[in-house]
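Notes for the one structure printed next.
Every number in this text was worked out from the coordinates using simple rules, so none of it is lab data. All values reported here derive from a predicted model rather than from experimental measurement. Cβ: placed from backbone, ideal geometry, glycine included. Neighbour counts: every protein chain shown.
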Amino acid sequence: MGKYNFMSRELFDFEGRILKDENVAYLGFTNSKVSFFCKGKSVRCFIKSNITEPVNMAGLSVYIDDKIIDRETLVIDREEGWYELCQLPDDEVHMVTIFKLTEAAMSYVALVELEICDGELVKGEFPEKPELKLEFVGDSITCGYGVLGEPESEYTLREENGLLTYAQVAADILDARARFFSVSGYGAFVDYEGNIEGNVPRLYPYVNWFADKEMLYDYKEYVPDVIVINLGTNDSGHIHKDWVQEGFIKSYSSFVARLKEIYPNAKILCICGTLCDIMFEWIEKAICVCEERGVKDIYMRRLPYHNVAEDGMASQHPSITTHKKDGARVAEFIREIMN
């Protein structure tokens with residue numbers, strides 16, 4: 001029986017903004033993941049979390065050799081404890097991947113120790129990663145909020161799944177890597193309640209502000225070719241106010257300009273519309289401010305308002321069908337701007 005921490009670069013392959021502190025690796029943002037090779041009978045992991053109530057418990061999905069195991073979402077329902085991740089099918093070497101399906105704002109998954117029962121970790125060759133790198137910056141839509149829920153389901157992370165989002169669909173269509181930075185309820189300037197602290201640009205410089213409010217992110221770690229910004233839906237409920245209009249244009253344009261400073265070669269695609277069709281004039285105004293400042297390679301594309309009658313609804317959010325359609329649209333948008 002072998003026990004391991006998650007600090008070895010040779011044995012573990014991480015994807016996403018991963019906060020690492022004192023030999024603990026935190027899976028925070030949507031679809032962050034870790035892969036490793038092992039052989040033995042089963043795999044267990046000692047996990048800590050910051051859950052505050054049942055509806056906010058983080059969810060994981062476990063894959064063996066790129067195939068999901070036959071089990072529902074693994075819910076992290078304790079502040080700390082051992083969880084069985086999977087039973088291994090034979091004595092051969094297998095690649096195991098742990099996906100965090102839920103968002104960073106509600107709960108994290110702190111991976112403390114890995115145990116291979118009657119076996120060991122094995123140094124293996126991880127699959128070659130796609131060349132095209134995407135980053136998706138957004139709100140609950142990008143998180144996959146409620147995607148598994150009934151039309152009027154009440155909030156619970158049990159119905160959130162980042163692997164079913166338009167962003168993941170687009171990345172899969174394009175055979176691209178995808179990194180998520182999304183927070184439910186947040187906007188480009190104010191959150192859905194109108195609070196100016198609830199904006200995504202304020203949190204972007206941190207690895208995972210919800211787990212550590214001081215550790216800054218190293219932008220050199222992952223340099224995207226395309227950044228997709230899907231913000232504005234939560235701002236829209238307050239955009240009739242003059243101060244929100246002014247603040248939105250300033251915050252959105254400043255954020256886009258800052259992203260271009262960080263990633264000068266990246267193309268930035270600004271989208272909106274699935275749950276909100278009134279923000280385009282304000283996004284356009286923000287983009288015009290950027291262009292007047294000489295910021296280049298900024299694009300805007302409109303997504304159609306979700307067709308509830310035809311495609312259904314999930315927790316008052318886009319359905320799986322809508323996510324699939326939007327994912328195909330976004331993939332096509334990216335193809336257009338890359339040509």
>> Suppose the chain between I68 and D212 were pulled fully straight at 0.36 nm per residue; how much longer would it get relative to their current alpha carbon spacing?
In response: 48.8 nm
>> What does the net charge come to around F29 if you take all other residues with beta carbon closer than 11 Å to its beta carbon, with K and R at +1 and D and E at -1?
In response: +1
> Once phi is turned into θ = phi - 60°, what whole-Hz ³J(HN,Hα) does the Karplus curve with 6.51, -1.76 and 1.60 give for every residue of region 21-34, x standing for Gly and Pro?
Replying inline: 8, 6, 6, 10, 10, 9, 8, x, 6, 3, 6, 5, 7, 9
> In degrees, nearest 10, range 0 to 90: what is the angle between the Cα axis of helix 320-338 and the longest Cα principal axis of the chain?
Replying inline: 70
> Cα centroid distance between region 127-146 and region 6-34, in Å?
Replying inline: 16
> Where does the charge balance sit around M313 when Lys and Arg score +1, Asp and Glu -1, over other residues with C-beta under 10 Å from its C-beta?
Replying inline: -3
> So which lysines pass the test for K39, namely a Cα distance under 24 Å, with those fewer than 8 places away in the same chain ruled out?
Replying inline: K3, K67, K100, K123, K129
> What's the angle, to the nearest 10 degrees (0 to 90), between helix 242-262's Cα axis and the longest principal axis of the chain?
Replying inline: 50
>> If I stretch the segment between V75 and D90 completely, what's the gain in nm (0.36 nm per residue apart, minus their alpha carbon distance), one decimal?
In response: 2.8 nm
> For helix 280-292, what angle does its Cα long axis make with the longest principal axis of the chain, in degrees from 0 to 90 and rounded to 10?
Replying inline: 90
>> I need the Kirkwood Rh of region 2-122: take the reciprocal of the average 1/r across all distinct C-alpha pairs and report it in angstrom.
In response: 14.2
>> For region 1-57, report the % of Cα-Cα distances exceeding 13 Å.
In response: 69
> Setting aside same-chain residues fewer than 8 positions from K285, which lysines have a Cα under 21 Å from its Cα?
Replying inline: K241, K250, K260, K267, K296
> How much FRET efficiency would the formula 1/(1 + (r/R0)^6) give for E125 and T52, where r is the Cβ-Cβ distance and R0 is 45 Å, rounded to 0.05?
Replying inline: 0.65
>> Using helices alone, I'd like the mean residue ellipticity at 222 nm for the chain: each DSSP H run of four-plus residues gives -39500 (n - 2.57), total over residue count, nearest 500.
In response: -6500 deg cm²/dmol
> How much length is gained if the chain between D172 and T321 is pulled fully straight, taking 0.36 nm per residue apart and subtracting their Cα-Cα distance, in nm to one decimal?
Replying inline: 52.1 nm
> Rounded if a/c is under 1.5, else prolate if a/b is larger than b/c, else oblate: which is region 134-293, with a ≥ b ≥ c the root eigenvalues of its Cα gyration tensor?
Replying inline: rounded
> How fast does the chain diffuse by Stokes-Einstein, in µm²/s, taking the Kirkwood radius from C-alpha pairs at 37 °C and 0.692 mPa s?
Replying inline: 160
> Taking other Cβ within 10 Å of each residue's Cβ, how do V289, V244 sort, fewest first?
Replying inline: V289, V244
>> Under the rule of at least 5 residues apart or a separate chain, name every residue whose amide H is placed under 5 Å from the amide H of V147.
In response: N161
> If the label point is 7 Å along Cα→Cβ of E22, which residues in region 97-115 have backbone nitrogen under 19 Å from it?
Replying inline: 108-114
>> Compute, for the chain, the length of the dipole vector about the Cα centre, with Cβ point charges of +1 (Lys, Arg) and -1 (Asp, Glu) only. Units Debye, rounded to 20.
In response: 800
